[in-house]
Amino acid sequence: MKKTIFVLGLLVAFSACKTVKPVETTVTTKTKPDFTIAFGSCNKHDEVNPLWDDVLAANPNLWIWGGDNIYADTDNMQQLRAIYAAQDNVPGYKKLKETVPVIGTWDDHDYGLNDGGVEFKAKKESEQEFLDFMDVAKDSPRRQREGVYAVHNYNLPKAKVKVLVLDTRYFRTALTPATDNKRRVQPNVYGEGTILGEEQWKWLTEELNNSEADFNILISSVQYLSNKHGFEGWGNFPYEVDKLKKLLVKTKAKGAMILSGDRHISEFSVDTVKDLNYPLVDFTSSGLTHTYTGFSGEENPYRVGEVVFVKSFGLLNFDFDTKTVNFKMIGDNGKVLGELKQTY
């Protein structure tokens, strides 16, 4: 099993449910990562965002939207388009787009319906507005396909990185309301319902089967591992959670990891999956303009370290020589709020 090294977050945080003893690692003399990804979620265009200058200062090779990129909650495409345009004109983000490639997925508030899934009637129209926001070419095959899922390959001198952007909205079937008042929803009966839908599962299976990447990064707008909080997440579809783990093992996907958002908190979740030769990391980074400031704790059996509930974005620094990824939560003025190192 490859080593996981955790460095404690230092700002406003909640004590972990799980502790991990630090382990020693070889000190690298590199002054610059081989590849850097920045990502974030939960962003309101009309609220102050203090982080875009910090994102630029991190000098990322790529920015990934993790969902709730705007807050629209509408089936009115004119209104949705106007909010996207307003976000495009936010000075810090506009400057980022001028220098850094942007990709990503959506979540419910930019999809158009709070907690929405397959039932949203304006999803086809909303998809086109999202693709416009992502500057996807009008003649792209993505324009003819249902769902915003996509693959982005980065073939670099020392390694290959594949980013698999998932759509957890377009095909997601109904949630099961919770039977107690402490949670909003509860897991479906095992085997019932889907997050990704049949066609997206076929696509993901093919992409992982054929992947030659050294790192396979899955972008999920909702959390994959954390499953006890009673809000949206993969945990409400336990069969699909197991299906993805089995797929990663079966395809022998190298360096797989999950980046997620939605929760207005940031945390690291890590699972040891049988027959997967590295720990599976789910790095949740949320939010960019607003957070769960009243957070008082919740169970997460996979949590490593502390929950951060101040504005932040996620940063991944890759060292291709050591096959190590340094995951960081970054706050205002470049403050490192939490850090996790994983060797693959």
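The values are calculated or read from the model by the stated rules, or taken from the named source; none is laboratory data. Since the structure is predicted, the reported quantities are computational estimates derived from the model, not experimental observations. Quick reminder, even Gly has a Cβ in these numbers, built from the backbone with ideal geometry, and neighbours come from all protein chains shown. Remember, those area values only see protein heavy atoms, side chains included, never the ligands or the DNA or RNA. Shrake-Rupley method; radii C 1.70, N 1.55, O 1.52, S 1.80 Å.
Lys274 to Lys228: FRET efficiency via 1/(1 + (r/R0)^6), r the Cβ-Cβ distance, R0 22 Å, to the nearest 0.05? Could you put the intermediate results ahead of the total?
Values: r = 21 Å, r/R0 = 0.96.
Efficiency at R0 = 22 Å is approximately 0.55.
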GNM of the chain, Cα pairs under 10 angstrom: of Thr168, Thr324, Thr176, the biggest fluctuation goes to Thr176
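Can you tell me the length gained on complete extension of the stretch Tyr190 to Asp139, counting 0.36 nm per residue apart and subtracting the Cα distance? Display every interim value, and only then the final one.
On the way: separation 51, 0.36 × 51 = 18.36 nm, distance 4.00 nm.
14.4 nm is the gain from fully extending Tyr190 to Asp139.
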For the chain, modelled as a Gaussian network with Cα springs under 10 Å, which listed residue fluctuates most, Trp203, Trp52, Trp63?
Trp203
Most mobile of Met77, Met257, Met329 per a Gaussian network model of the chain (Cα springs, under 10 Å)?
Met77
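If you average 1/r across every pair of different Cα atoms in the stretch 203-344 and take the reciprocal, what Kirkwood value do you get, in Å?
On the way: mean 1/r = 0.0640 Å⁻¹.
In the stretch 203-344 this quantity evaluates to 15.6 Å.
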Charges only on Cβ, +1 for Lys and Arg, -1 for Asp and Glu: so what's the dipole of the stretch 85-146 about the Cα centre, in debye to the nearest 20?
260 debye
In the chain the accessible area split gives carbon plus sulfur, as whole percent at 1.4 Å, a share of 50 percent
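Quick one: length gained pulling Tyr239 to Lys2 fully straight, 0.36 nm per residue minus the C-alpha distance? List each step's numbers first, then the result.
Details: separation 237, 0.36 × 237 = 85.32 nm, distance 2.67 nm.
Separation in residues times 0.36 nm, less the Cα-Cα distance, equals 82.7 nm.
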Label-point gap, in nm, between His152 and Asn76 - each point 7 angstrom along Cα→Cβ
3.1 nm
Paramagnetic reach from Ala174 in the stretch 187-224 [backbone N under 13 Å; point 7 Å along Cα→Cβ]
188-189, 193-194
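Per residue, how much accessible area does the chain show when a 1.4 Å probe rolls over the protein heavy atoms, in square angstrom?
On a per-residue basis, 44 Å².
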Each label sits 7 Å from Cα toward the beta-carbon; between Val48 and Thr293 the label points are separated, in nm, by 1.1 nm
